[in-house]
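Inspection log for the structure reproduced underneath, given as structure tokens.
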Amino acid sequence: MEKDVERVLVDEEVIGKRLDGMAREIRADFPDEVILVVVLLKGALVFASDLLRRIPRMLEIECLNVASYHGGTSSSGQVDFLDHKLPEVAGRRVLVLDDILDTGRTLRAVVDRLLEEGATEVKTGVLLAKDREREAEVEAHYVGFEIGDEFVIGYGLDYRGRYRNLPYVGTLKDEAR
Ligand code: XMP
């Protein structure tokens with residue numbers, strides 16, 4: 001697997017330090033509440049599990065299966081909700097976690113959907129935000145790292161379902177595509 005990595009963009013140690021900071025920011029913004037966290041699968045799996053274990057507070061963790069890449073290296077433009085039932089968010093402040101903010105369509109669609117379901121407020125956290133113009137207007141309240149506009153793998157991010165278990169974020173060699 002490692003032989004397919006072209007360049008490491010953010011290594012494990014740097015990710016860990018930044019997650020400490022993000023956890024502090026989140027704790028400060030949700031001082032006395034039970035935090036309802038919605039993790040977007042599958043990309044945010046690794047990020048969320050490392051981040052949420054740094055928040056020593058009462059959490060309720062829900063997952064939402066959404067798809068927008070459909071296996072390739074660019075967004076399909078369509079956001080599909082794959083679950084039969086959405087988490088119960090009515091009357092709650094919600095923290096949504098995703099792996100990466102790219103066009104913005106996924107987070108926009110999820111935030112809109114949770115607000116429609118009655119969430120009182122939706123805060124968003126992403127490990128990575130691509131430095132590019134968004135196609136949908138959306139704010140990420142907690143951002144781990146800003147990266148260039150290139151396709152990345154590792155730490156939850158995949159290419160055709162693989163590489164999610166790399167402990168760092170990197171780019172993929174052309175010959176591995
Ligand atoms: P949008 O464009 O909706 O994208 O902001 C968010 C979703 O698209 C996936 N995505 C990526 N997946 N490497 C990946 O493995 C990438 O560079 C990348 N960029 C976007 C991801 O699922 C994210 O939730």
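The values are calculated or read from the model by the stated rules, or taken from the named source; none is laboratory data. What you see is a predicted model; the values in this text were computed from it and never measured. Ideal geometry is used to build each Cβ from the backbone, glycine not excepted, and the neighbour counts take in all protein chains shown. These accessible areas exclude ligands, DNA and RNA; they are computed on the full protein's heavy atoms, side chains included. Shrake-Rupley method; radii C 1.70, N 1.55, O 1.52, S 1.80 Å.
When only C-alpha pairs under 8 Å and at least 6 residues apart count, what is the relative contact order of the chain, in percent?
Reported relative contact order: 26 percent.
Which one of GLY161, LEU127, VAL10 is farthest out on the positive end of the charge dipole of the chain, using unit charges on Cβ (Lys, Arg +1; Asp, Glu -1) and the Cα centre as origin?
Of the listed residues, the answer is GLY161.
Using 7 Å Cα-to-Cβ label points, what is the GLU175/PHE151 separation (nm, one decimal)?
Reported label-point gap for GLU175 and PHE151 is 1.7 nm.
Once you compute Rg and the Kirkwood Rh from C-alpha atoms, what is the Rg to Rh ratio for region 2-176?
0.95
First compute the accessible area of the chain with a 1.4 Å probe, then give the percent of it belonging to carbon and sulfur atoms.
Summing carbon and sulfur atoms, their accessible area is 45 percent of the total for the chain.
What whole-number value in Å² describes the accessible area per residue of the chain for a 1.4 Å probe?
Working: 8930 Å² over 177 residues.
The answer is 50 Å² per residue.
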